[in-house]
């Protein structure tokens, strides 16, 4: 995964809720990431930690990871998965 790549993000264990996002910043050690969501998903609550850029309406998520386990949203501690390929279509509604 690199800056500029398109990825799929969803709440941990819920691949049916995946939405596309762009990697805006990825730390050198790969443990911190800022991603820009392409659309506002149902599970996105702006007041609960996501950063909205009011000048253009972008929704950004800041997450960190540990050696094992899901990505953790840094403001509220929500657990998310980030995949480099779209989850299988059998999981999509």
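The values are calculated or read from the model by the stated rules, or taken from the named source; none is laboratory data. Model, not experiment: these values are computed from the prediction. Virtual Cβ from ideal backbone geometry, glycine too; neighbours counted across all protein chains shown.
When the residues of region 73-88 are filtered to those that are crowded, with 17+ Cβ neighbours inside 10 Å and outside any loop (DSSP other than H, G, I, E, B), the one that is modelled with the lowest pLDDT is 73. Taking the criterion of being out of contact with any helix residue (DSSP H, G or I) (no Cβ under 8 Å at 6 or more places or on another chain), surrounded by 12 or more Cβ atoms within 10 Å (Cβ to Cβ) and at pLDDT 70 or above, the residues of region 51-72 that qualify are 58, 60, 61, 62, 63, 64, 65, 70, 71, 72.
Scanning region 30-50 turns up at least one residue that is surrounded by fewer than 16 Cβ atoms within 10 Å (Cβ to Cβ), at pLDDT 80 or above and in a strand (DSSP E or B).
Scanning region 1-21 for residues that are farther than 15 Å from residue 80 by Cβ and not in a loop (DSSP other than H, G, I, E, B) yields one hit, 6.
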